[in-house]
1. If you plug each phi of segment 290-298 into the Karplus form 6.51 cos²θ - 1.76 cosθ + 1.60 with θ = phi - 60°, what whole-Hz ³J(HN,Hα) values come out, in order, with x for Gly and Pro?
2. Can you send over the carbon and sulfur percentage of the accessible area for the chain, probe radius 1.4 Å, protein chains only?
3. Over segment 3-130, what lengths in whole Å, largest first, do the semi-axes of the equivalent ellipsoid take, defined as the square roots of 5 times the eigenvalues of the alpha-carbon gyration tensor?
4. Amide H of PHE234 versus every other amide H placed in the peptide plane: which residues, excluding those fewer than 5 positions away on the same chain, fall under 5 Å?
5. Select from segment 245-295 those chymotrypsin sites (Phe, Trp or Tyr not before Pro) which occupy a DSSP coil region and have at most 16 other Cβ atoms within 10 Å, ordered by residue number.
6. Translational diffusion coefficient of segment 154-317 at 20 °C, 1.002 mPa s, Stokes-Einstein with Kirkwood Rh over Cα pairs, in µm²/s as a whole number.
7. I need the phi-derived Karplus couplings for segment 2-9: 6.51 cos²θ - 1.76 cosθ + 1.60, θ = phi - 60°, integer Hz, Gly and Pro marked x.
8. When the convex hull of the C-alpha atoms of segment 15-64 is computed, what volume per residue in Å³ does it have?
Amino acid sequence: MQLNVGIVGVTGYTGQELLRRLRSHPEVRLSYLAARRLARPEPVGRLLPAFAKQALPKIERFDPAAAARQCDLLFLALPHGLSMEIVPALRKRQPEIHLIDLGGDFRLRSAAGFRKAYGLTHRAAPLLGKAVYGLPEWFREVIQGAELLANPGCYPTATALALAPLARAEKIGGPVVVDAKSGVSGAGRSVKPELSFCEVNEGMRPYKVDRHQHQPEMEQTLGRIGRQSPRILFAPHLIPVNRGLIASCYVPLKGKLTQSGLRALFEAAYDKEPFVRLLPEGSWPDTAAVNQTNFCDIGLAIAQTGKQAIVISAIDNLGKGAAGQAVQNMNLMFGFPETMALT
Ligand SMILES: NC(=O)c1ccc[n+]([C@@H]2O[C@H](COP(=O)([O-])OP(=O)(O)OC[C@H]3O[C@@H](n4cnc5c(N)ncnc54)[C@H](OP(=O)(O)O)[C@@H]3O)[C@@H](O)[C@H]2O)c1
């Protein structure tokens, strides 16, 4: 029997990407689609023309009772701050429901950390300890038993995959500089003047330098993989492309590490991983090669100083950085082949 799956926030960028992946998933029946600005249920093709003439339920205004009734699993693809209200209401109505949240509400372990990062008081703090962080390459076993899953952020996915082998080997010897660039879809679909075409096209700009809400998530994840959380100095940039994200990480090394030693750490971590591709020596990743996929491409080298490692990773912010990884997590949670509907 197919799994009844719903998407809340289906008109957004990650919601549409989920729809694209899930409608071809053989184990999934899309049973519920919801967004916000709707007076009455609308056919999908009227709001999202790319999905016209496909057998899909209408998009309706989100109603927790209807969602809980119609879904075994619900994806929440909403701006942060909403899921922490919605999740307790859904679980109260249907304790068995499985939830995958693509926003930041359940990624950090502490309510104080959440307040610091997002400037909001957490409304479901007791659930923070129960949510499972969904980075499959490092937390696969716990993901398999998850009922409430926090899907990682796009920047934290690219950064954690680039740094985790060094964190596990305790080779990080000081603050790590992460210089990252993301396409404009990373900011979501809602209208913001600073993201209009004329403001973004033909320019590049850093934002929230060393103040981005994803920084604590990166430190927390690496602290769980290694024995200590390295300090991250994070400079995200907005670049004028639709999608794609690249994270260039500069790591001061603890102790000696040769080029082949560095490579061996990454091969041990990722050789069997279906969605991480280590590039040959001297090659560096390109967002064009990962866009529309669930891959993370990684290039790496020891700097000529001999004292730093340089690791650069690229993902599709809407793929491995959001919806693709969420589907990978769903596959693990329900015992489907991990790569189903992702290759
Ligand atoms: N974009 C990325 O690359 C990316 C990557 C990783 C994680 N994320 C995270 O994923 C989440 C979704 O991001 P996004 O980029 O897809 O956002 P988005 O494009 O702005 O879409 C947001 C969606 O949420 C709906 N919505 C807003 N308020 C709602 C409410 N009160 N009730 C029901 N639906 C509501 C919107 O519906 P209407 O259209 O009706 O307003 C829309 O469907 C965010 O938390 C984001 O941080 C995004």
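1. 10, 4, 6, 10, 9, 7, 10, 9, 10
2. Numbers: 7920 of 15290 Å².
Carbon-and-sulfur percentage of accessible area, whole number: 52.
3. Working: eigenvalues 142, 47, 34 Å².
The answer is 27, 15, 13 Å, longest axis first.
4. Amide H neighbours of PHE234, under 5 Å, 5+ apart: VAL178, ASP210.
5. Here no chymotrypsin sites (Phe, Trp or Tyr not before Pro) fit, given the DSSP loop and packing criteria.
6. My calculation gives 133 µm²/s for D.
7. So the J values, rounded to whole Hz, are 6, 7, 7, 10, x, 10, 9, x.
8. Working: hull volume 4.1 nm³, N = 50.
Output value, Cα hull per residue: 81 Å³.
The values are calculated or read from the model by the stated rules, or taken from the named source; none is laboratory data. Bear in mind that the values here come from a model prediction, so they are computed numbers and not experimental data. Please note: Cβ atoms are built from the backbone with ideal geometry, for glycine as well, and neighbour counts cover all protein chains shown. Protein only, heavy atoms only, side chains kept; ligands, DNA and RNA dropped before computing areas. Shrake-Rupley method; radii C 1.70, N 1.55, O 1.52, S 1.80 Å.
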